[in-house]
Structures are given as structure tokens and as C-alpha cells.
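Below is one structure; the comments refer to it alone.
Read the figures in this text as sums done on the coordinates, not as results from a lab. On a predicted model such as this, the values are computed, not experimentally measured, just so you know. For neighbour counting, all protein chains shown are included, and Cβ atoms are generated from backbone atoms with ideal geometry for every residue, glycine included.
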């Protein structure tokens, strides 16, 4: 029962979340989740629209109850009365381009283009700086190879350079081109180290896998004589580590039709076989899906069980996939791309109510693709995380195949395999991978001053063969990484 209470809590956060783009009409708050997409349609060249849509905080300080920042208030004042919101919003945005809504010395359009918030005082012109005395330890006017070398070693080798290593680096030819080559040579060594491939990469996966050790393979707690094992998250960690090393294709995080096993001493290899449950006295374990139904990290037994659990409609499963691999947290009103005539509410959870429909018009079409994949199964077979088309009629009698169409980024898909293919090819996936390595390295989200390097890395992911190693090399070569 503890699992059920957790599921209700997580679902409630989604149900209570409201979307961006709200409009007051006759004193009533009306949800307009189309707002973020309209901003990108009006200004398609915005950095915040590369693989994403802006968050509701562009205009709002709160979405439930609705409240607006200075920019949002100016947009509201300029909305034409009469036409539908979706038709009127582009004109209102254009009408306030040259205003400085937040009074920080930058026009709204300038702030939008620079990645800043036009409703918040965050312009450089509003900040008083003191340059201070020259710094004898670091180069402050651009890329500092010695600084980049130290930062790289800590991040990817897990240690600071030794005194001798640092002296050797500084005693090498002083031209920047040669020093950069030495940084990249050392980086190659670090990216093959045990620290990076086994420890650091695993920590990057934690939020996506969310292990619960009490229900993992080491669990000693018993239910009706069975060990309370609901899945083996080691398969997830191994796949994650395997795909993100040795110049493999990062898209296989979502498209892999294989599992990864440890053959000996941490050496990983692929297998296309099903994997039987290793302990018949455990509730779950192994991997049951046939090869043609596998979609990397989002169809492992652990992922399906820990997210779907007993839920008829796997909304939390879809939300976790969307958040973890496409960098959009629907519970935070991110990545809203509403689908017309959704949600339908096939499981009678009340999601079609106006305040809930804001998010669920995006979430439910995402979840439809997961609906035939089991979470925790009630039957005697205990095939957790299996593929069972019949579970739809068993748990959602109102389901209609002709209406419950899976949709991702406005594109109709028919299966989870197609869903994963569209996701893996998207700019959102590229952005998510770049953002993950950026935050890992710098401990913060990309800021306005980082956007040039950040967007350039997103656009280079495909030409770099979707290799995590090449992405990191490209990042280490940027001024964003190499400047103190």
C-alpha cells in the first residue's frame, strides 16, 4: 500500500499543475497552454525555442492562481479584444517588443533574444560591476588552457592534477593551440577512466532511474513469501553507461533494442535475448520484452514498474520519460504542446477539468504510447514490466483505439517504438543531453551569456555522430568551460 500512496502523491502534483498562457475573461481565469508555443511561432529564432518551448514564467509569476509579471501585464494590455487568444497573442507580443517592461534598461525583444526574462530585472545594464585588480593566477579575457585543464581533470578523472602534472602542462609550449591539444589528450584518458565510466556517469543517471534500494534485487523484505523485488535497476545503469561511452550513439538511450550485461570485471556487452527472472522467489527480475518492443531506458522492467506501478493510464511513466530525456517537466508547466480535443479522461480521473486539462492536453497523448506496457501486474505470472495489450480493456474500459492517439511534439505515432524514434531525433533530446553535461560541469543551468556556446553544441550533436565523448570534447573547447 505504500506504493499506492506514493503514486497518488505524484499524480496529484500533475493534476494540480496549471499551464502558461492564462487570460482573464470576464473575471474568470481561463487556461491557455498554447501560449509558450505561440511565442516560438512568433519568434522561431529564439535560443529558448531550440529543442524546447519557453516556460510559463516568461509571462507569469504564478499559474495557479494566475498572476503576471511586468512583461505579462503589458502583453495582456495589448491583447486585441474579440479575436481568439491564439490569434491575438502574436500581435500583442509584437506590440510590446520595444517596451522595457521590467525597467532594467533593455527592451523586451532584446531580453527575449538574449535568453533573459523581459519581466524580471536581470539585464547586465542593471548590474553594477567592479572589475577590481588584475588576477595573476587566471586569464580573465578568454579561454585559459591551464584552468580548463584543472576543471577537466576534476570533472572527468575525479581528481585535481598533481603538482608534477600541472608543472608539466605549464612548461609545455605556451601557444594556446598546443595547450588545447594537451587538454584534449588528457580528456581522452579521463573519459576512459573507471571514475568516469563507472562512477560519474552512474551519478548522472540517478535522477532518471530513481533507484529504491528497498525494492531492488538486494531486498530481504517478503510479501506472501516472495522477496519484494520489483525490478533490477542495474540493467538501467549498465545501458546508460554503455551508450554514453566509446563514441556510441546517444540516441540508443531511447532506441536500444538490446540489454547490457556485465560479462566480467565491469566489462559490458550487448545481448538481444530475453532475460529470465533469476530468483523465482522474488516478485520480479529479468527482462521479458521481445526485441521489437524494446526502447532503451524507457522500457526496462525497472522503469515501467517504478513509474507505472498499478496505474491504468501510465501518466507518470510518460512524464518521467518526457522530463528525463526531453528536458521538459510537465508538472512545472514545461514543454506544453497541447493536442486538440485532449484529454479524454478514459480512466475517470477528472483530468478533463479545466485546471487539470492545461497539462493533461499534453501529457495524456504522451502516455497513450505506454498504455500497453505493464507496470506491477496482479496476475499469478508476476510478469512485471511486460507488454500486455489486454491491460487496456482490463483497466480502462472506456478506451477507444481510434481516439486515444499517441502524439509527441505534434506528430502522431502508433507505438512506443515510434515515440522513441521521434524523441531521439528531436532537438529536445539533443538539448537535454547538452544541458545535462553542461550542468554537471558548471553546477548551474546555462545563462544568457552561455547561449552562443550552448546552442552551438546542440546544433553540432548530429554532426558529431551523437557521441557523448565528442560532445564533451566540444564543450571543453568552449570559452564557457575554459574561462574562470
Least to most buried among 197, 300 (fewest other Cβ within 10 Å first): 197, 300
Label-to-label distance, nm, for residues given as residue 218 and residue 162 (7 Å Cα→Cβ offset): 3.3
For a label point 7 Å along the Cα-to-beta-carbon line of residue 293, residues of segment 412-426 with backbone N under 20 Å: 413-422
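For residue 198 and residue 388, FRET efficiency with R0 = 51 Å and r from the beta-carbon atoms, rounded to 0.05?
Working: r = 35 Å, r/R0 = 0.69.
According to the calculation, E is roughly 0.90.
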Extension reserve of the residue 207-residue 425 stretch, reckoned as 0.36 nm per residue once the Cα distance is removed: 76.3 nm
For 79, 289, 363, 408, order by how many other beta-carbon atoms lie within 10 Å, fewest first: 79, 289, 408, 363
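Using helices alone, what [θ] at 222 nm do you get for the chain, with -39,500 (n - 2.57) per DSSP H run of 4 or more residues, divided over all residues and rounded to the nearest 500? Mind showing how you got there, number by number?
Working: 20 runs with 192 residues, N = 484.
Rounded to the nearest 500, the figure is -11500 deg cm²/dmol.
Counting pairs of Cα atoms in the chain, how many percent are more than 45 Å apart? Can you show the working numbers first?
On the way: 22355 of 116886 pairs.
Looking at the chain, the distances longer than 45 Å represent 19 percent of pairs.
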Segment 21-123 - Kirkwood radius from inverse mean 1/r over Cα pairs (Å): 13.6
Extended-chain gain in nm, criterion 0.36 nm per residue less alpha-carbon gap, residue 479 and residue 403: 22.4 nm
Residues residue 269 and residue 310, FRET efficiency given R0 of 35 Å [Cβ-Cβ distance, rounded to 0.05]: 0.50
For segment 196-424, Kirkwood radius (reciprocal of mean inverse C-alpha pair distance, Å): 18.1
Inter-label distance for residue 412 and residue 353, nm, one decimal - labels placed 7 Å from Cα along Cα-to-Cβ: 3.2
Estimated inter-spin distance, residue 172 and residue 81, nm [label 7 Å along Cα→Cβ]: 6.9
FRET efficiency, residue 226 to residue 95 (Cβ-Cβ, R0 60 Å, nearest 0.05): 0.40
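Find, to one decimal place in angstroms, the Kirkwood hydrodynamic radius of segment 427-482, where the mean of 1/r is taken over every pair of different Cα atoms and then inverted.
Here the Kirkwood hydrodynamic radius works out to 11.0 Å.
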Exposure proxy order (Cβ contacts within 10 Å, fewest to most) of 473, 184, 368, 60: 184, 473, 60, 368
